Amino acid sequence: MTSVTLVDVSKTFARQATVLEGLNLHIEAGELMVLLGPSGSGKSTILRLIAGLEVPTGGRVLFDDEDVTDVAARDRMVAMVQQDGVLYTHLSVRDNIGFPLAMRKVPKPDADREVEAEASQLGIRALLGKMPRELSAGHQHSVATARALVKESRVLLMDEPLATLDARIRERTRLEIARLHRDLGTTTVYVTNDEREAMALGDRVAVLDENGVLSQVDTPRAVYHKPASLFVAGFVGELNYTTVRLERAENGWWLPLGNDRLLVDRSVVSTRPGLEAHLDGAVIVGIRPEHLVVAAPGTPFTECLHGTVGRVEDAGSFVQAWVTIGAWRVKVRFKGDQRPVSGNLIELSVDPHHLHFFEPAGGAAL
């Protein structure tokens, strides 16, 4: 297994279009690292830099402690699965999968055994005699993956491999990718702009913003529950947020929202030391839709928000609604058989421990 490290990597294309600048990222040997971000954030460029298909404008690319910055792509022992999963249309599935082995002049009996082993692992052994035009999109992707896996590689790169598949095939294939990584243990770098894929697959997730800046690298759970910035919080999951003015209270802080004032007590204050600098000043406060719940009878007003229900949408396993609280319009996700009625008043309970706070300038987490 091989670790991958990018040290102060920059990439500028023609006309001075800078995609990456001073990027530092370490991928542990054997981990599945997901690069997550919007289109144009430089995810695929990072993959191509690791593969050797692009040369950095500045910085170094290391495999373990070996500097491979100037090593040609063919000599890096990297396998790559791309979005379109292009197959050789004139070759059978067997020959498509075995193509890297043929290029290495592996004896045919040995190559056939390896092809059949990979095909069996991916559940496509029955397709070995078929041609690419006879395959579904999902099976074509599986063949492209098997072809990458038989290639002698230190690192496996996957560039939005599920983007063109429909939802059911995408979910099934995602499970297969996770199983393969668990079984093989190959260092894998996976690119996507779908946070659900990132959360489901990654040992860790590296989130890039629209400017190619690495915003956070952490486990999926940490990225979701402890986002490093307003951008990360909004890109990974959903977040209701607004700007408020923090006011001092006897036992903590007041958060004025609409016609209500939420009390943020000392137990929360102690976990957010950065908020002290914003006392009596502006701060961005956010909360996820699932953390707003219908208040139980007798809940203190200092723990509640009062609003009017707007549009209601039934998603089957849950209901979501937009609620107007003063000038703030929030999304609320209801569980079970709760179904708010559009136009009705509603009282929502807020656990201050679920609140997120961010700098008003720049959006860094506080």
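Since every read-out is calculated from the coordinates, none of them should be taken as a lab result. All of these numbers come straight from a predicted model, not from anything done at the bench. Every residue, glycine among them, receives a Cβ derived from its backbone with ideal geometry; neighbour counts consider all protein chains shown.
Things worth noting here:
- Here the sum of -39500 (n - 2.57) over DSSP H runs of 4 or more residues, divided by the residues of the chain, equals -7000 deg cm²/dmol at 222 nm, to the nearest 500.
- Comparing Ser349, Ser317, Ser120 in a Gaussian network model of the chain, where Cα atoms under 10 Å apart are tied by springs, the biggest mean-square fluctuation is seen for Ser317.
- Here region 334-359 and region 246-311 have alpha carbon centers that stand 12 Å from each other.
- Derived scalar couplings between HN and Hα for region 252-267 equal x, 9, 9, 10, x, 9, x, 9, 10, 10, 7, 9, 9, 7, 5, 4 Hz in order, rounded to whole Hz, by the Karplus curve 6.51 cos²θ - 1.76 cosθ + 1.60 (θ = phi - 60°), x for Gly and Pro.
- Using 0.36 nm per residue and subtracting the Cα-Cα separation, the extra length available between Val55 and Thr18 on full extension is 12.0 nm.
- The modelled label-to-label distance for the pair Asp112/Phe318, using points 7 Å beyond Cα in the direction of Cβ, is 5.3 nm.
- Coil-residue chymotrypsin sites (Phe, Trp or Tyr not before Pro) of region 278-366, DSSP, other Cβ within 10 Å capped at 10: none
- Here the contact order of the chain, divided by its residue count and restricted to Cα pairs under 8 Å and six or more residues apart, works out to 15 percent.
- Low-density loop positions, trypsin sites (Lys or Arg not before Pro), region 270-366 - DSSP coil, at most 13 other Cβ in 10 Å: Lys335
- For the chain, built as a Gaussian network whose Cα springs stay under 10 Å, the top-fluctuating residue of Glu313, Glu238, Glu54: Glu313
- Just checking the listed ones, Thr299, Thr186, Thr12: in the Gaussian network model of the chain with Cα springs under 10 Å, the one fluctuating most is Thr299.
- Label positions at Glu238 and Thr271, each projected 7 Å from the Cα along the C-beta direction, are separated by 2.3 nm.
- Between region 90-117 and region 35-57, the alpha-carbon centres lie 30 Å apart.
- With the simple model of a label 7 Å out from the Cα in the direction of the Cβ, His225 to His90 spans 5.6 nm.
- Alpha-carbon centroid distance for the pair region 2-20 / region 126-147, whole angstrom: 34 Å
- Environment charge at Val68 (Cβ cut-off 15 Å; Lys +1, Arg +1, Asp -1, Glu -1): -2
- Between the entries (i) 31, 25, 20; (ii) 42, 21, 20; (iii) 47, 26, 15, the label attached to semi-axes √(5λ) of the Cα gyration tensor in Å calculated for this structure is (iii).
- Net dipole in debye of the chain [+1 Lys, Arg Cβ; -1 Asp, Glu Cβ; about Cα centre; nearest 20]: 800 debye
- Applying both filters, DSSP loop and at most 14 other Cβ atoms within 10 Å, to the trypsin sites (Lys or Arg not before Pro) of region 1-88 eliminates every site.
- Counting lysine pairs in the chain that sit 8 or more residues apart in sequence, or on different chains, and whose Cα atoms lie under 24 Å apart gives 10.
- Of all DSSP bridge pairs formed entirely within the chain, close to 75 percent run antiparallel.
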